[in-house]
Amino acid sequence: MALASLKESRAFAYLSERGEDALYAVKDALGGTGSSQYLDMSEEKLARIRTQLESTHDEDRLEGMRRVVALISKGRDATPFLASVLKLSSTSSLEVRKLVYIVVLRYAPSHPDLTLLSINSFQRDLSDPNPLIRGMALRALSGIRVRAVSAIVLLAVGKATRDPHPYVRRVATFALTKCYHMDHGQYDTLLEHISTFFQDRSPSVLGPAMCAFGELCPDRWELLHRHFRKFCLALSDMDEWSLPTCTQILTRYARMNLPKPDHALPMDEDLQLLLSSLQPLLHNTNPAVVMASIHAQKALQPEKVVNLLPPLIRLVHSAPDVAYMALINLLTFAESHAANVAPYLTSLLVRASDPAYVAQVKLRILVLIVQASDISMLAHELAMYTRFHAVSVATDSVTALGQLATSFSGVASTCLQLLMEVVQDATIPVPVLSRAVQVIKTLLRVSPDKVAAQIVAQFAVRLFVPLATYGHPKSSKRIRILTDPTSRAAVLWMLGQYSEAPFAGATILTLLIPDVLRCLVAHWDKEDAKVQCQALALSSKAFVLMDHLDDVTLQSALPVLHYELLARASRCANQDVRERGRFYSGLTRGLNDAENELEAAPSDEIREYIASHRALDQMRLPGVRLRREQVQHVLFARDQVEASSLERLTLKPITDDNVTCMSTFADGMHLRGWKQAQWPAWRDKADLPPAIVRAQDASSLAAGTNAQKTNTWLDEQRSFSSDTYAIKGKQTEPEKVVLEPRTSTRPSMRAPTKARYEDLDSFFNSDEDEDTESLGEPAPEDDEYEAEEVSSSDLDDD
C-alpha cells in the first residue's frame, strides 16, 4: 500500500521526470539522444521543419522552432522558414514564443518588411501579464529598423518606462539608442525618458540608463547632477556589462564638475564618495570592470596609483588578451613608479605559454623595474628567453640584455658573456644572431681593448670559415658562417674600429685584416651592398694605418687590395656603393708616395697594376688633399649617431605616444567611444557648479522620516546601499547595515507565520489559482535604492 501510494504521489512523478532529464543529459554527453539531434542537417530533417512549424500541436511547433534556431547557430540561412515562424508570434506556448522572438531579433535588421507582418502581435504582447513576454516584444519591436514604425516604438518605450517590472524597464533603456538611430527628431523625448530612468530604483535599470546617456548626450551634465550620488552608491550592484561605461561617465563628470583634489585642503565629499564606490570594483570578477575602476582612480587620484598594482598583477595571470591590456597599463605605471612595481618582478617573468605580444610587453616592464639586487637573476632569465619559440621575443630579449648592460655597469661583463654564448649557439634563428652581433658591437665600446680584440677575432673567422664550438666534441655541429648582411657589416665595422687592438702578440691589422680583405675581393659580387660599403671603409682604415707596419709584405699588399676594392666599387651596379668608392678614393688619394709604392712592388705585374691605378686617378678632377692624421680622424671619428648608440640601445616602444589610450586605437583607426575615453582636464573652481545641484531630487525619493539622519553627509547616504564607508575622523568598527523595505517591520518584531506548504506533495496538489504572486510586481531588491525624503532646509544645508 505504501508503495502504491508513493507511485500515485505527484511528488514521485516530479522526481521521476527529473531523473529522466538527468538520464537524457548523460546520454547526450555520451553521444546518445539529446540537444545534438537538432544539429542534424540532413535533407529529411530540413524538409520536416515547415510541416512542424505549421502544425496545430505545440509539441511539433516547439520541435520545428528548435531546429530553426539550430540552423541559425550553425550559420545556415533560415529565411525560407521566416514567414512560418512569424505566424507563431501569437501562440499561447511560452517556450515557442521565446524562440520566435529569438529568430525575429536575428532577422529583423535584414528583413524588416517580413517582420512588419507581425507588428500587431508585438504590440499586443506589450500588455501581456508576463514581464518576459513584454520585454521580448519590446526588444523585437525596437529591432525593426524601419523609420515608419519609429513612432510606434517610441510609444512602446514610453509605456515601458512606467512598467512595474525592472526587466521591462531595462529593455526599454536599450531601445532608446535604437529609437534615436531610426528618428533623430525624437531626441528631446528620448532625453526625457533618460531623465525618467535616472529616477529608477533598480540597479538593473540604472546601468543601461547610464549607457544610453553616454550614447545620446554624454555632456548633458544637468541631467546627472541630482542623481550623481545615487549612481555612486549603486555601482557595486549594477550589472558588470554596464559598469565600465558608468565608471567612465562618472569619472568624466567628476573632472568636469568637482574640485580637483588638493593635499592642502580636505577632499570634496562627492569625490570621496565616488572613490569609495570605485574601490570595491577592483575585486570584480569581470576584467573590464577592474580595468575601468583602475583607469578612473588613476584619473581622479593619481598619487594613489600604488594601491592599484595588486589588481593589475592579478589580471596578468588571466587570459592572454586580458593579461595584455593589464600589462599595457602596468607599463605606464612602471615608467613613472618603477620602484613600486619592482616587488612584483617575479610575477612578471615570461612563461613558456605566453603569446609573443604578452611576452614583449613583459620584457619592457622587466628592464624598467629591475633593481640592482635582481640584475644578475634577470640577466640570466633574459639569456634563457633568447631561445624562446617566438623570434620576436628572442630578439627583444637580446636587446634587453644590452639595455641592462648599459644601465648597470657592474653587470656589463656578464651580459657580454651571455651574449657571446648566444651567438655561439648553432641553433638560434638568423634574426636573433644578427641582433646579438649588433648589441655586442655596441657593448664593445665600454669593454677593454684586449677583450674587444678577442671578440672581434672570433667574429672575423666566422665571416668565411666555420669555427668549431670550443669545448665540444668533434661530432658536434660546427658554428655556421654569418650570412646575414647586417651581421657581416657589423663585424667588418668592428674589424676596422679595433684594428690596432692587441691580439696574440700582434694587432688585428697584421693578423686578420689582410686575409679578410683578400676574401672580400674574391667574394665581392656575392656580398650585399651593405657589406660592400663596410668593406670599403675597412680597406680605407687599413690603408691609412699601414705606415705603422714594419712588415714590408703587408705594406705592399694592402695598397693593392685597397685599389682593387675601389676599382670594383666603381663598376658596381649599386649607386650607393659607387658613391662610397669615389668618397674613399678621394679621401685616401695622395697619402702614399707613388715612387715608393712602385719601388716596393714585389713583382712587375703588381707594379703595372699600381701604375694603371695612378694614371686613372690623375684623370679625375683634383681636390683638396688631406694629411694622414686628418684622414685618420675622419675614418675613426665616432659621429653623433654612433656615439649615442649606447643610449639608443632600448626596446622599441609599444605605442607611439600615450600607452593608456591604446585600447581606443587599433590599426590606425580610432575605435568607437575613443573620445569619451579621453579624460577632460579638471575645471577651475570658479567655473564649477555649486554642490547643491547634486542634492537628491525630492520627486525621486520615497517618503520617509528624517529622525535617523546623522551629522555627516556620508551617513545620510548609508540607506542607499549595503556597503559601509569609512567616515573621516572615525576609527570605530563599521556597523552592519540591514536592508529592509520601507513598509515592512524588522523580522524580529514580526509574528511567526505558518508555512504555506508542509511538504512537496502539498505543493503539487495546490491549485494554481491560489498563487497570488505576480512577476509584474516590483522586485524586492528595488527598495535598496529608496532614500528618505529630503526637506528644502536640508538641501540648503548641503
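Between the DSSP loop rule and a limit of at most 15 other Cβ atoms within 10 Å, which trypsin sites (Lys or Arg not before Pro) in the range 473-542 are left? Numbers along the way, then the final one.
Details: sites: 474, 477, 478, 480, 488, 518, 526, 530, 541; in loops: 474, 477, 478, 480.
Answer in residue order: 474, 477, 478, 480.
So if R0 is 41 Å, what FRET efficiency would residue 637 and residue 373 give, r being the distance between their Cβ atoms, rounded to the nearest 0.05?
So, using R0 = 41 Å, E works out to roughly 0.55.
Thinking of the range 303-403 as a set of Cα atoms, what percent of all their pairs are more than 17 Å apart?
Value for the range 303-403 (Cα pairs over 17 Å): 47 percent.
Stokes-Einstein diffusion coefficient for the range 491-566 at 25 °C in a medium of 0.890 mPa s, Rh from the Kirkwood formula over Cα pairs: what value in µm²/s?
Calculated translational D: 199 µm²/s.
Round to the nearest 0.05 the FRET efficiency obtained for residue 553 and residue 391 when R0 = 51 Å and r is the Cβ-Cβ distance.
Numbers: r = 45 Å, r/R0 = 0.89.
After rounding, the FRET efficiency stands at 0.65.
Compute the separation of the alpha-carbon centres of the range 107-127 and the range 523-592 and state it in Å as a whole number.
84 Å
From the phi angles alone, apply the Karplus equation (6.51, -1.76, 1.60; θ = phi - 60°) to the range 260-266 and give each ³J(HN,Hα) in whole Hz, x where the residue is Gly or Pro.
Values, residue by residue: 5, x, 10, 4, 7, 10, x Hz.
Spin-label point model (7 Å from Cα, Cβ direction): what's the residue 421 to residue 263 distance in nm?
About 4.6 nm, to one decimal.
Using only alpha-carbon positions, what ratio does the radius of gyration of the range 112-223 give when scaled by 2.2 N^0.38 Å?
1.01
May I ask you to compute the full-extension gain from residue 303 to residue 685, defined as 0.36 nm times their residue separation minus their alpha-carbon distance, rounded to one decimal in nm?
That pair, residue 303 and residue 685, stretches by 135.5 nm at full extension.
May I ask you to derive the FRET efficiency for residue 183 and residue 72 from their Cβ-Cβ distance with R0 = 25 Å, giving the value to the nearest 0.05? Each step should come with its number before you reach the end.
Working: r = 29 Å, r/R0 = 1.17.
After rounding to 0.05, the efficiency reads 0.30.
Using θ = phi - 60° and the Karplus curve 6.51 cos²θ - 1.76 cosθ + 1.60, what whole-Hz ³J(HN,Hα) does each residue of the range 686-695 get, with Gly and Pro shown as x?
Once θ is set to phi - 60°, the couplings for the range 686-695 become 5, 9, 7, x, x, 5, 5, 5, 9, 5 Hz.
Could you give the C-alpha radius of gyration of the range 51-172 expressed as a fraction of 2.2 N^0.38 Å, taking N as the number of residues it contains?
So the Cα radius of gyration is 1.03 times the expected 2.2 N^0.38 Å.
Ranked highest first by the average count of other Cβ atoms within 10 Å around their residues, in what order do 582-588, 533-539 fall?
Descending mean neighbour count gives 533-539, 582-588.
Enumerate by residue number the trypsin sites (Lys or Arg not before Pro) in the range 349-385 meeting two conditions: DSSP loop (anything except H, G, I, E, B), and at most 15 other Cβ atoms within 10 Å of the site's Cβ.
Sparse-neighbourhood loop trypsin sites (Lys or Arg not before Pro): 351.
For the range 85-95, in order, what is each residue's ³J(HN,Hα) by Karplus, 6.51 cos²θ - 1.76 cosθ + 1.60 with θ = phi - 60°, in whole Hz (x at glycine and Pro)?
5, 5, 5, 8, 5, 9, 5, 8, 6, 5, 5
Mind giving me the nanometre distance, one decimal, between the label points for residue 347 and residue 582, set 7 Å out from Cα along Cα→Cβ?
According to this spin-label approximation, the distance is 6.3 nm.
How much length, in nm to one decimal, is gained on full extension between residue 339 and residue 196, taken as 0.36 nm per residue of separation minus their Cα-Cα distance?
Difference between extended and current length: 46.6 nm.
Divide the volume of the convex hull of the Cα atoms of the range 72-128 by its number of residues and quote the answer in cubic angstrom per residue. Please list the in-between numbers first.
Details: hull volume 4.5 nm³, N = 57.
Considering the Cα atoms of the range 72-128, their hull volume per residue is 78 Å³.
Length gain on complete extension for the stretch residue 285 to residue 528, per 0.36 nm per residue less the alpha carbon to alpha carbon distance?
Details: separation 243, 0.36 × 243 = 87.48 nm, distance 5.57 nm.
Roughly 81.9 nm would be gained on extension.
The numbers here are math on the coordinates, done by the rules we state, and not lab data. In this text the structure is predicted, and so the values were computed from the model without any measurement. Neighbour counts are summed over all protein chains in view; Cβ atoms, including those assigned to glycine, are modelled from backbone coordinates with ideal geometry.
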